[in-house]
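Note sheet for the following structure.
The values are calculated or read from the model by the stated rules, or taken from the named source; none is laboratory data. Keep in mind that this is a model prediction, so the values were computed, not measured. Neighbour counts are summed over all protein chains in view; Cβ atoms, including those assigned to glycine, are modelled from backbone coordinates with ideal geometry.
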Amino acid sequence: MTDYVKTLGGAEYHWCKNCSKYPSYIAERTTIRPEEHLCDECLANEGGDDCN
Ligand SMILES: [Zn+2]
């Protein structure tokens with residue numbers, strides 16, 4: 001199961017722990033994929049099979 005996380009006051013959801021913008025402090029967590037505000041870098045990593 002994937003966790004989609006957001007930093008405090010953050011606008012985007014991250015789900016690749018190797019994303020350079022992955023929050024160190026997680027303010028919000030959901031297992032349901034949000035329909036918007038998805039991180040560009042996580043999306044790119046996911047497409048390239050590089051999402052850890
Ligand atoms: Zn990200």
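Taken as a whole, the stretch 11-20 holds no residue that is more than 8 Å from the ligand (Cβ to nearest atom) and more than 11 Å from the chain's Cα centre (by Cα). Reported count of residues in the stretch 1-20, each being surrounded by 11 or more Cβ atoms within 10 Å (Cβ to Cβ) and assigned to a loop (DSSP other than H, G, I, E, B), is 9.
Look at the stretch 5-29: where a residue is closer than 11 Å to CYS39 by Cα and basic (Lys, Arg) and a partner is assigned to a loop (DSSP other than H, G, I, E, B) and modelled with pLDDT of 95 or more, sitting 6+ places away or on another chain with Cβ atoms under 8 Å, you get LYS6/GLU12; LYS6/PRO23; LYS21/GLU12; LYS21/CYS39.
From the residues in the stretch 21-52 that are among the acidic types (Asp, Glu) and more than 9 Å from the ligand (Cβ to nearest atom), which one is surrounded by the most Cβ atoms within 10 Å (Cβ to Cβ)? My answer is GLU46.
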